[in-house]
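K.L.:
Before anything else, here's the structure in question.
Derivation of every value follows stated rules applied to the coordinates shown; laboratory data play no part. All values derive from a computational prediction rather than experimental measurement. Neighbour counts are summed over all protein chains in view; Cβ atoms, including those assigned to glycine, are modelled from backbone coordinates with ideal geometry.
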Amino acid sequence: MKLSVIYMMNVIVLGLFGWAMVTYFDAASQFQRLMSGSGDDVIINITPIFITLLIVSIIGFMITRNKRRNNKGWKEALLLPSELCEDDEREKTLTAHACRNAYIAMMFTSPLLIAAMTLQPVVSKQFPAYPILVLLFLPFVQISVFYFSLRRKLR
């Protein structure tokens with residue numbers, strides 16, 4: 001499968017996961033108000049969760065079927081990310097370099113996200129799902145650095 005397709009699928013799944021978690025967070029906040037006595041009911045919008053599960057299942061099925069056609073075992077087809085499927089030494093070297101760059105990016109991104117979390121008490125009044133988006137930024141940076149590092153080396 002093309003690297004750009006894998007990248008887009010990862011970003012879409014991450015975005016859908018964030019959407020579902022924001023919905024869950026909203027329901028948890030409503031439940032908290034209900035338990036404290038100031039709320040009447042809890043309303044959960046199941047649409048984001050259902051759409052996320054549906055699209056993730058379809059993408060997982062496509063990737064697993066594609067790997068099984070390439071004579072990979074079930075364990076490798078289900079558990080090994082598509083980005084890490086290398087066929088020769090050159091691909092292993094490129095993947096190792098991209099993993100190194102993603103690791104280095106995490107060393108710079110983590111302190112910035114920790115600093116961003118200190119703004120949470122101020123921002124949470126206007127935007128309650130702020131911590132979820134800050135935490136989802138970490139895998140987004142990791143996926144993006146890995147993809148752009150591989151793309152730069154493959155040219």
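K.L.:
In whole angstrom, how far apart do the alpha carbon centroids of region 39-66 and region 82-102 sit?
P.N.:
That distance is 30 Å.
K.L.:
Between Q126 and V11, what's the calculated FRET efficiency when r is the beta-carbon distance and R0 is 30 Å? Round to 0.05.
P.N.:
For R0 = 30 Å, the calculated efficiency reads 0.70.
K.L.:
Which entry is the computed Kirkwood radius over Cα pairs in Å for this structure: [x] 15.7; [y] 18.1; [z] 17.2?
P.N.:
[y]
K.L.:
Find the centroid of the Cα atoms in region 118-154 and in region 1-32, then give the distance between the two in whole Å.
P.N.:
First find each Cα centre; the distance between them is then 12 Å.
K.L.:
Where the only charges are on Cβ atoms (+1 Lys, Arg; -1 Asp, Glu), what is the dipole of the chain about its Cα centre, to the nearest 20 debye?
P.N.:
Values: 16 positive and 10 negative charges, 129 e Å.
The dipole of the chain has a size of about 620 debye.
K.L.:
Whole-Hz ³J(HN,Hα) for each residue in region 119-133, computed from phi via Karplus 6.51 cos²θ - 1.76 cosθ + 1.60 with θ = phi - 60°, x for glycine and proline: what do you get?
P.N.:
Values, residue by residue: 7, 4, x, 7, 7, 5, 5, 8, 9, x, 8, 3, x, 5, 5 Hz.
K.L.:
Okay, moving on. Put +1 on the Cβ of each Lys and Arg and -1 on the Cβ of each Asp and Glu in region 1-85; which of S57, G18, S29 then has its Cα farthest toward the positive end of the dipole?
P.N.:
Of the listed residues, the answer is S57.
K.L.:
Another one. Count the lysine pairs in the chain whose Cα atoms lie under 16 Å apart, taking only pairs 8 or more positions apart in sequence or on different chains.
P.N.:
Summing the qualifying lysine pairs gives 4.
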